[in-house]
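The values are calculated or read from the model by the stated rules, or taken from the named source; none is laboratory data. This is a predicted model, so every value here is computed, not measured. All Cβ positions, glycine included, derive from the backbone under ideal geometry; neighbour counts span all protein chains shown. With ligands, DNA and RNA removed, areas are computed over all heavy atoms of the protein, side chains included. Shrake-Rupley method; radii C 1.70, N 1.55, O 1.52, S 1.80 Å.
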Amino acid sequence: MSKRRGRLVVISAPSGAGKTTLVRGLIDRDPRFEFSVSYTTRDKRPTETDGEDYHFITKDAFERLRKAGEFLEFAQVFDNFYATGRPAVESLLAKGKHVIVEIDWQGAQQVRARLPECISIFIVPPSVRALEERLRSRQTDSDAVIRRRLQDSITDLSHWDEFDYIVVNDDLGTALDELAGIASGRLRRNRVGTARTAAIMDRVMATGAN
Ligand code: 5GP
């Protein structure tokens with residue numbers, strides 16, 4: 001008997017929005033979800049494990065895989081390259097897994113164009129100011145890197161309306177419930193295109209300007 005194909009769930013967020021914690025929480029809570037491990041050319045951070053957080057590869061290896069058509073999408077983010085491997089995602093979907101790809105908005109655009117049936121979710125911080133605090137508390141990056149990331153994050157935020165849903169990561173438990181509900185197709189709250197969502201995003205963006 002053939003298994004029903006799983007759902008592809010695209011999750012993006014500006015850095016500092018707490019996306020990684022939410023994605024881990026979602027996978028821990030529900031075994032139907034599986035994380036797609038991306039390729040990256042950036043250096044491994046001390047807390048990361050090769051093959052679990054990312055496949056850490058050289059720029060040459062990245063180019064070879066790209067030319068061989070192995071990527072579902074790829075993008076340059078900051079100074080590094082990132083990509084989602086196509087075969088791994090395809091085989092998980094065929095096994096009936098719901099695959100989470102945690103990628104930036106550029107990659108999300110490519111996945112939506114190729115696989116329009118995916119669900120795309122944009123995680124946002126409660127406010128731009130909260131985002132800055134989170135970036136600073138991470139302490140793995142230098143001050144110059146943090147400032148640049150904040151500017152980039154504000155640019156990233158402007159892409160929220162390209163996604164199907166938004167989740168505001170204010171209270172972690174609430175955000176996780178919302179994310180799990182949307183990713184499993186049960187919850188249609190915070191759908192982009194509604195007045196409610198537009199009002200939420202006005203508040204998120206406005207706080208930083210004060
Ligand atoms: P970090 O280097 O902090 O882990 O991630 C930086 C950014 O790259 C994040 O916005 C993250 O979502 C994005 N990213 C991670 N993996 C991929 C991927 O496979 N493709 C794309 N397009 N972006 C990715």
Filtering segment 110-125 down to residues that are surrounded by fewer than 19 Cβ atoms within 10 Å (Cβ to Cβ) and part of a loop (DSSP other than H, G, I, E, B) yields L115, P116, E117, C118
List the number of the failed condition for R134; all other conditions in (1) in contact with a helix residue (DSSP H, G or I) (Cβ under 6 Å, 6 or more places away or on another chain); (2) open to solvent by 60 Å² or more (accessible area, probe 1.4 Å) hold. (1)
Does G16 meet the test of being modelled with pLDDT of 95 or more and not aliphatic (A, V, I, L, M)? no
Any idea which residue in segment 173-189 is most open to solvent (accessible area, probe 1.4 Å), counting only those that are modelled with pLDDT of 95 or more and touching a helix residue (DSSP H, G or I) at 6+ places or on another chain (Cβ under 7 Å)? L176
Show me the strands (runs of 3 or more DSSP E) entirely contained within segment 1-108 in which 3 or more residues are open to solvent by less than 40 Å² (accessible area, probe 1.4 Å) and within 13 Å of the ligand (Cβ to nearest atom). 8-12, 71-77, 80-85, 98-102
If we scan segment 156-165, do we find a residue that is under 19 Å from R188 (Cα atoms) and of a type in the set (S, T, Y)? yes
